[in-house]
């Protein structure tokens, strides 16, 4: 997992030497918005925008889910990177089912796309990337903001008015998102990428305290907020779907599996079987990425065959 420094690629892993061994995620730098207004810099148009994603990455998975939920397949194209992320970062290799290569420019590495947007870019090179083909630049690489754009910016073109972030529930959704992001979505990474026992244990106990809370909550409610499917559910889903196969062992989050939680497991199965969702899940990419790419955690790069996952 490297980064760009003024447009030059460097193969550097995360530095935890100044954070007492704790993993700190960098903020996304491209934060523009697609809007329905034609006179704004990035108006919603059919065929203008393109998503660069990894099928392994939970953050990119969010955008694939919203592309499916909002019936945007014919409006926004996708390119899928190879799940093995090594010294060159995300690559556009093909040869594994689900990979596409770079269908726009034929780039070999994702960092080349970042340099096309800004040849002096400094920072991590992450997915998802929402790309504007007209202006040939990155609109956004912040998944939380991309899914909100997909939720509403194209409604006037598609006629799909389904709203996963209704304003009447916005404050509750935001509060749930904050809790889940810190303790669960990013919490599993804080466990897996910690380099001290103290940092790992702090993240571990916060993670399972929150999972216990969520299991209890879902014992009384069908969904996380407002008894209806919202953005909060899908943001949690992309972590839950990876948990037993990857995070439980690889990231040492091994107090309980999601399948050991009665209500969380039922909820996970229900979301997985929601129309259009299982097609966005590629467990082979998920396992290949984590176990093969993170050589600091798994130096043998052996990818486990199991576990058996009931929802699959």
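Would you mind stating whether residue 66 is modelled with pLDDT under 95, under 23 Å from residue 287 (Cα atoms) and touching a helix residue (DSSP H, G or I) at 6+ places or on another chain (Cβ under 6 Å)?
Judged against the criteria, residue 66 is not a match.
Given the residues 35, 100, 63, which is the only one that is more than 21 Å from residue 277 (Cα to Cα) and surrounded by 15 or more Cβ atoms within 10 Å (Cβ to Cβ)? Let's see the steps before the verdict.
Details: 100 fails: more than 21 Å from residue 277 (Cα to Cα); 63 fails: more than 21 Å from residue 277 (Cα to Cα).
The match here is 35.
Name, by its number, the condition in (1) touching a strand residue (DSSP E or B) at 6+ places or on another chain (Cβ under 7 Å); (2) under 22 Å from residue 294 (Cα atoms) that does not hold for residue 87.
Failing condition for residue 87: (1).
Here are 216, 193, 208: which of them is surrounded by fewer than 23 Cβ atoms within 10 Å (Cβ to Cβ), out of contact with any helix residue (DSSP H, G or I) (no Cβ under 7 Å at 6 or more places or on another chain) and within 30 Å of residue 298 (Cα to Cα)?
The match here is 208.
Looking at (1) under 22 Å from the mean Cα position of the chain (by Cα); (2) surrounded by fewer than 20 Cβ atoms within 10 Å (Cβ to Cβ), which is the only condition residue 164 fails?
Checking residue 164 against (1) under 22 Å from the mean Cα position of the chain (by Cα); (2) surrounded by fewer than 20 Cβ atoms within 10 Å (Cβ to Cβ), the one that fails is (2).
Tally the residues that are within 21 Å of the chain's Cα centre (by Cα) and within 12 Å of residue 252 (Cα to Cα), restricting the search to the range 167-207.
The qualifying residues number 11.
Return yes or no: is residue 116 out of contact with any helix residue (DSSP H, G or I) (no Cβ under 9 Å at 6 or more places or on another chain), modelled with pLDDT of 95 or more and in the same structural domain as residue 51 (by TED's automatic domain parsing)? Even if it seems obvious, please write down each step before you answer.
On the way: out of contact with any helix residue (DSSP H, G or I) (no Cβ under 9 Å at 6 or more places or on another chain): yes; modelled with pLDDT of 95 or more: yes; in the same structural domain as residue 51 (by TED's automatic domain parsing): yes.
Judged against the criteria, residue 116 is a match.
Has the range 58-80 got any residue that is under 28 Å from residue 245 (Cα atoms), in contact with a strand residue (DSSP E or B) (Cβ under 8 Å, 6 or more places away or on another chain) and assigned to a loop (DSSP other than H, G, I, E, B)?
no
Search the range 114-129 for residues being in contact with a strand residue (DSSP E or B) (Cβ under 8 Å, 6 or more places away or on another chain) and surrounded by 23 or more Cβ atoms within 10 Å (Cβ to Cβ), and hand back the single one that is nearest to residue 3 (Cα to Cα).
Result: 125.
Report, by residue number, each residue of the range 119-141 that is touching a helix residue (DSSP H, G or I) at 6+ places or on another chain (Cβ under 9 Å) and under 25 Å from residue 181 (Cα atoms).
123, 125, 126, 127, 128, 129, 130, 131, 138, 139, 140, 141 - these are the residues of the range 119-141 that are touching a helix residue (DSSP H, G or I) at 6+ places or on another chain (Cβ under 9 Å) and under 25 Å from residue 181 (Cα atoms).
Hey, does the range 230-243 have a residue that's without any contact (Cβ under 8 Å) to a residue 12 or more places away in the chain and out of contact with any strand residue (DSSP E or B) (no Cβ under 8 Å at 6 or more places or on another chain)?
So far as the range 230-243 goes, no, none of its residues is without any contact (Cβ under 8 Å) to a residue 12 or more places away in the chain and out of contact with any strand residue (DSSP E or B) (no Cβ under 8 Å at 6 or more places or on another chain).
Which ones in the range 250-271 are part of a helix (DSSP H, G or I) and either touching a strand residue (DSSP E or B) at 6+ places or on another chain (Cβ under 8 Å) or surrounded by 18 or more Cβ atoms within 10 Å (Cβ to Cβ) (or both)?
If the condition is that a residue be part of a helix (DSSP H, G or I) and either touching a strand residue (DSSP E or B) at 6+ places or on another chain (Cβ under 8 Å) or surrounded by 18 or more Cβ atoms within 10 Å (Cβ to Cβ) (or both), then 250, 258, 259, 264, 265, 267, 268, 271 are the ones that fit.
May I ask you to list the residues in the range 196-241 that are assigned to a helix (DSSP H, G or I) and within 17 Å of residue 164 (Cα to Cα)?
231, 232, 233, 234, 235, 236, 237, 238
Condition check: surrounded by fewer than 21 Cβ atoms within 10 Å (Cβ to Cβ) and either within 20 Å of the chain's Cα centre (by Cα) or assigned by TED's automatic domain parsing to the domain that holds residue 81 (or both). Does residue 295 satisfy that?
Spelling it out, it is not the case that residue 295 is surrounded by fewer than 21 Cβ atoms within 10 Å (Cβ to Cβ) and either within 20 Å of the chain's Cα centre (by Cα) or assigned by TED's automatic domain parsing to the domain that holds residue 81 (or both).
The values are calculated or read from the model by the stated rules, or taken from the named source; none is laboratory data. From a predicted model like this one, the values you see are computed outputs, not experimental measurements. Glycine gets a Cβ as well: all are built from the backbone with ideal geometry, and neighbour counts include every protein chain shown.
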